[in-house]
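To start, the structure under review is shown below, and the notes come after it.
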Amino acid sequence: MTDKSKKTKKVEMKINLNDLFSKGLLFILIGVLFLPFILNLVNGGTIEVISLSQFVSDVREEKIEKVDVRGEELMLTYADGSEKTTRKEAGQGIVDILSASDIDVNSTSLEIKDLSFSAMFWELMVSILPIILMVVFFFFLFRQARGGAGDMMGMGKSKAKLFVKGKQNTKFDDVGGMDEAKKELEEIVDFLKNPKKYEKVGARTPKGVLLVGPAGTGKTLLARAVAGEANVQFLSIAGSEFMEMLVGVGASRVRDLFTTAKKLSPAIIFIDEIDAIGRMRGQGNMGGHDEREQTLNQILVEMDGFAQNEKVIVMAATNRGDMLDPALVRPGRFDRRVLVRLPDLEERKYILSIHAKGKPFVSNLTWEKVARRTVGFSGADLENMLNEAAIAVAREARTEITMEDIEEASLKVKLGPSKKRLQDKHEREMTAYHEAGHALIAHLSAHADPVHRISIVSRGRALGFTLTPPEKDKLQTTKSELIDRIAVLMGGRAAEELIFSELTAGASSDIERATRIARAMVTEYGMSTLGPMNYTPLYDNQDFGRAWGEASHISAKVQEQVDEETQRFLAEGYAQAFKLLKANKKTLDAVSQKLVDVESLDADEFAKLMGESKTKFEYKPVLSSKISDAKVAEEKEEKRVASEKKSKKSK
């Protein structure tokens with residue numbers, strides 16, 4: 001048996017003993033607390049209480065054989081074997097009582113035992129023992145709450161989970177997609193396996209690797225795969241586990257974590273959600289010496305202090321890379337910044353093949369179609385989608401998963417489960433026209449994504465939905481595409497106004513999303529007449545960002561222009577949607593009526609209703625530079641005309 005297995009067995013035995021001790025202590029405590037009540041109940045129900053005069057009379061008649069004195073209480077044993085009890089006054093002896101009644105104690109066969117001391121002892125024990133047991137019990141609970149630490153210093157011990165070398169079975173092949181990220185991390189694996197190869201050429205030890213990407217893309221799984229490929233010890237801890245109510249505990253846990261990793265080197269330290277402790281300093285309203293900043297400072301010292309970390313690499317994951325402190329992400333601390341993006345088409349196919357193992361699917365299922373259908377899904381979304389499909393099949397007692405099951409599962413993952421809400425005829429018609437408006441604008445706009453499914457079945461907070469997933473993964477978006485997206489979002493509101501001459505609150509989510517796109521076009525993308533300038537709050541790494549409560553760098557006049565340009569983009573999108581719907585009102589009526597009848601339409605059914613493809617509306621944006629030049633020329637012309645009028649009046 002190895003030393004590690006012996007240690008593991010000792011730890012398990014210690015945990016079992018602690019568990020038995022806690023349960024036994026609890027039963028003893030309950031028994032001691034209720035023992036006096038039980039004894040009193042039993043004794044009170046079986047022993048007869050007599051008067052002191054009756055006791056004296058029975059002694060004179062020699063009916064009593066034995067008297068046990070327990071303080072003021074006398075336990076009497078009669079010749080016939082019965083037991084009775086009586087009480088005397090405090091400080092009065094039993095011999096004095098009998099002598100006062102002219103009874104010679106020596107002439108009687110009475111046996112007297114004074115048990116006062118033992119009675120007092122047991123009464124004292126019954127009174128004190130519960131207190132002692134309660135103190136021991138709460139002390140034991142306190143130790144358990146602190147992770148079994150023997151004293152208060154145990155709070156500073158690291159809570160990292162250790163994955164022993166050789167038992168980390170996750171490999172790069174188990175991680176779907178992320179080819180670029182894997183190539184970046186292969187160098188880390190090679191260094192941990194062959195450190196001397198890099199030391200010969202003077203290469204410095206990598207200190208840290210930061211994995212940045214959206215939630216659910218597999219950052220934690222990728223870190224475990226690095227440890228599995230390198231076959232080294234792997235210590236995993238969440239960023240929030242460093243924080244504690246007491247000041248200094250977080251920094252102490254950081255020191256203990258790095259000390260443990262150095263002893264186990266080569267090793268990997270993985271800190272999940274590092275933004276919990278690594279946020280940019282100087283932006284909070286709690287000052288510069290709070291517990292979080294002390295913990296961050298200790299991490300900075302451990303990663304790049306006087307003591308060099310040999311063969312210990314720190315990996316961290318976050319989906320808020322823009323919030324991290326510049327001192328944490330500079331070279332020498334986290335040397336590598338690996339972007340973990342959402343999977344593309346081929347990566348989604350690979351991820352689906354991994355999670356499809358062990359699940360029965362129909363033979364004619366096309367994974368290419370499933371992968372194209374799930375644009376924008378993360379790896380966690382894909383795994384959850386297939387799991388939901390398998391649950392639905394098991395619930396209905398079927399044996400194979402179909403494409404319809406996957407389609408329903410994808411909608412459930414993204415939008416929530418379907419709900420059958422009670423709607424009257426008028427509400428169903430308004431919802432149908434609203435969703436048909438979205439679908440028609442998407443179909444008739446040249447740069448909009450195609451319609452995949454339309455439904456008036458409620459899911460989540462939405463009364464209906466229109467899915468327009470992109471046909472392919474896009475790395476960049478044009479101004480024409482953004483204007484068409486705004487028009488598609490405004491299509492529902494435009495249909496309500498066109499058909500019912502009424503507006504509903506159902507378009508609130510569409511308006512919010514359209515406003516975000518329009519404002520981003522103005523403030524971030526430089527697509528408005530204001531020119532290529534960023535109007536969002538800028539954070540400079542030199543001064544660690546704008547402090548809390550500091551005024552914006554945008555003037556009130558420029559902010560007004562930003563609002564005007566945002567409103568102009570929204571107005572253009574709405575006008576485009578209203579114009580297209582008015583020109584295709586008959587088609588809008590047909591799609592809406594079909595939705596009222598069948599509730600849902602897929603892409604093929606919708607294409608049949610639309611008929612032959614018509615000439616699509618194409619938005620032709622004017623470049624901002626041309627708009628700016630035209631605006632300057634217009635202002636010059638206005639000034640010239642104004643000056644001519646002024647000169648004529650003066651003459």
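The values are calculated or read from the model by the stated rules, or taken from the named source; none is laboratory data. Values in this document were obtained by computation on a predicted structure and should not be read as measured data. Cβ: placed from backbone, ideal geometry, glycine included. Neighbour counts: every protein chain shown.
Please work out which residue is nearest to the chain's Cα centre (by Cα), limiting yourself to region 204-242 and to residues that are surrounded by 15 or more Cβ atoms within 10 Å (Cβ to Cβ) and part of a loop (DSSP other than H, G, I, E, B).
Step one: filter region 204-242 for residues surrounded by 15 or more Cβ atoms within 10 Å (Cβ to Cβ), giving 205-213, 216-230, 232-239, 241-242.
Those left that are additionally part of a loop (DSSP other than H, G, I, E, B): 205-207, 213, 216-218, 232.
Values: Thr205: 33, Pro206: 30, Lys207: 28, Gly213: 15, Gly216: 11, Thr217: 14, Gly218: 15, Val232: 28 Å.
Across region 204-242, the extreme among qualifying residues is Gly216.
What pairs come up if the first residue lies in region 404-431 and is modelled with pLDDT under 85, the second is among the β-branched types (Val, Ile, Thr), and their beta carbons are under 8 Å apart, counting only those six or more places apart or on different chains?
If the second residue must be among the β-branched types (Val, Ile, Thr), the pairs left are Ser418/Val457; Lys419/Val457; Lys420/Val457; Gln423/Thr431.
Here is a yes/no grid of residues against (1) touching a Lys or Arg at 6+ places or on another chain (Cβ under 9 Å); (2) farther than 25 Å from Lys582 by Cβ; (3) of a type in the set (Ser, Thr, Tyr):
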{"site": "Glu368", "(1), (2), (3)": "yes, yes, no"}
{"site": "Arg395", "(1), (2), (3)": "no, yes, no"}
{"site": "Glu400", "(1), (2), (3)": "no, yes, no"}
{"site": "Met403", "(1), (2), (3)": "yes, yes, no"}
{"site": "Leu415", "(1), (2), (3)": "yes, yes, no"}
{"site": "Leu444", "(1), (2), (3)": "yes, no, no"}
{"site": "Asp449", "(1), (2), (3)": "yes, no, no"}
{"site": "Ile456", "(1), (2), (3)": "yes, no, no"}
{"site": "Ala462", "(1), (2), (3)": "no, yes, no"}
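Please determine whether any residue of region 193-203 is surrounded by 14 or more Cβ atoms within 10 Å (Cβ to Cβ) and of a type in the set (D, E, K, R).
The answer is no, given that none of the residues of region 193-203 is surrounded by 14 or more Cβ atoms within 10 Å (Cβ to Cβ) and of a type in the set (D, E, K, R).
Contact list please: Cβ distance under 8 Å, first residue in region 311-326 and farther than 21 Å from Lys263 by Cβ and crowded, with 16+ Cβ neighbours inside 10 Å, second residue of a type in the set (Ser, Thr, Tyr) and modelled with pLDDT of 80 or more, pairs at least six apart or on different chains.
Ala317/Thr220; Leu324/Thr318
Condition first: closer than 29 Å to Pro266 by Cβ, crowded, with 16+ Cβ neighbours inside 10 Å and in contact with a helix residue (DSSP H, G or I) (Cβ under 6 Å, 6 or more places away or on another chain). Can you find one or more residues in region 337-351 that meet it?
Among the residues of region 337-351, at least one is closer than 29 Å to Pro266 by Cβ, crowded, with 16+ Cβ neighbours inside 10 Å and in contact with a helix residue (DSSP H, G or I) (Cβ under 6 Å, 6 or more places away or on another chain), which makes the answer yes.
Every residue, every condition in (1) crowded, with 17+ Cβ neighbours inside 10 Å; (2) farther than 21 Å from Glu388 by Cβ, yes or no:
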site: Lys412; (1), (2): yes, no
site: Gly416; (1), (2): no, no
site: Ala439; (1), (2): yes, yes
site: Asp449; (1), (2): yes, yes
site: Lys474; (1), (2): no, yes
site: Ile483; (1), (2): yes, yes
site: Ala487; (1), (2): yes, yes
site: Ile499; (1), (2): yes, yes
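Looking at this structure, is Leu444 over 27 Å from Asp381 (Cβ atoms) and buried (at least 17 other Cβ atoms within 10 Å of the Cβ)?
It is true that Leu444 is over 27 Å from Asp381 (Cβ atoms) and buried (at least 17 other Cβ atoms within 10 Å of the Cβ).
Out of everything in region 338-377 that is among the basic types (Lys, Arg) and in contact (Cβ under 8 Å) with a residue 40 or more places away in the chain, what residue ends up being nearest to Lys414 (Cα to Cα)?
My answer is Arg373.
Go over the candidates Thr399, Thr431, Thr468 one by one and state the one that is within 30 Å of Ile354 (Cα to Cα), buried (at least 16 other Cβ atoms within 10 Å of the Cβ) and polar (S, T, N, Q).
Residue meeting the stated conditions: Thr468.
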